[in-house]
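Structure first, then comments.
The values are calculated or read from the model by the stated rules, or taken from the named source; none is laboratory data. Quick caveat: nothing in here was measured; it's all calculated off a predicted structure.
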Amino acid sequence: MNKRIMIVDDEPDILMSLRIFFENNNYDVITVKNGFDCINELKKGFKGIVLMDIMMPKMDGWATIKKIVEKGLMKNIAIQIITGKGTEDHDKITGLEPYIHDYLAKPFNPDELILNVDNLYFKLFSNNSTE
């Protein structure tokens with residue numbers, strides 16, 4: 001079983017560094033720069049962890065998660081929020097709690113990030129094939 005992760009962030013440096021980091025930790029990585037591209041990848045059948053940035057132009061992370069839920073694309077994915085904002089958007093998370101598995105603040109501690117993602121991955125997907 002290949003571990004899969006989609007990184008959704010509008011910052012090219014974040015996408016590149018997280019891609020390298022997760023590839024070095026045996027993940028198949030897809031990077032997308034906005035919520036629209038994330039939804040398109042989910043429609044194509046992506047299965048695995050979605051690391052979702054909150055602050056993105058056009059469609060922010062909250063709007064993207066709402067669209068994912070509305071379109072019924074939550075099957076075989078787990079969303080983790082990544083943001084530089086901390087937890088100040090508490091009002092925007094209301095109603096989305098069942099769909100978000102964790103809320104991680106930038107900058108990341110690499111050891112904690114991979115431990116967190118690995119633990120979530122194996123908790124949710126260890127009995128299911130994601131290929």
Does residue 13 fit the bill of being farther than 18 Å from residue 62 by Cα, assigned to a strand (DSSP E or B) and more than 11 Å from the chain's Cα centre (by Cα)?
no
Residue in the stretch 71-88 that is modelled with the lowest pLDDT, counting only those that are of a type in the set (A, V, I, L, M, F, W, C) and in a strand (DSSP E or B):
82
